[in-house]
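A short worksheet on the structure shown next.
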Amino acid sequence: MRILTGMIMLAAIAGASAASAQPKVSDSQFLQASRCAGLASSANLGGAAAGIDGWLKANSDGRPEFVTERAAQMRRTALSQGNRAKGLEKQQLSSELESACATFKG
């Protein structure tokens, strides 16, 4: 009986440890924040991504490698898009930065 109780306790502890290692936010939110960081890094759109970078760093633990690689790719693409944007596209990206990205600014 003691062995069974001990095994149950160990399983509960292991389950709690695994649950605490899970990311706090979804991979989709993490990817969106990476895009926002790219837009915010663009000199053409403001050039201030420190708050979003802090959010990304705080939420990067436990992410699969393919998610972090995709996040880096999305950031580079958004940075490039922001740097070359003009006219209506620049307005749309600025609007995205102020609305959808506001959650990640810290």
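The values are calculated or read from the model by the stated rules, or taken from the named source; none is laboratory data. Just so it is clear, the structure is predicted and the values come from calculations on it, not from any experiment. Using ideal geometry, Cβ is built from the backbone for each residue, glycine included, and neighbour counts are taken over all protein chains shown. Quick note on the areas: whole protein, heavy atoms, side chains included, nothing else; ligands and nucleic acids left out. Shrake-Rupley method; radii C 1.70, N 1.55, O 1.52, S 1.80 Å.
Under a 1.4 Å probe, what is the accessible area of the stretch 25-76 per residue, stated in Å²?
51
Hey, got the dipole for the stretch 33-106? About the Cα centre, +1 on K and R Cβ, -1 on D and E Cβ, debye to the nearest 20?
Taking the Cα centre of the stretch 33-106 as origin, the dipole is about 180 debye.
To make sure I understand the rule: partners must be lysines, Cα under 25 Å from the Cα of Lys24, and not fewer than 8 residues away in the same chain. Which ones qualify?
Output for Lys24: Lys57, Lys105.
What does the extension gain come out to for Ser26 and Lys86, with contour length at 0.36 nm per residue minus their alpha carbon separation?
Using 0.36 nm per residue and subtracting the Cα-Cα distance, I get 18.4 nm.
Which percent of the accessible area of the stretch 33-90 is formed by carbon and sulfur heavy atoms (probe 1.4 angstrom)?
53
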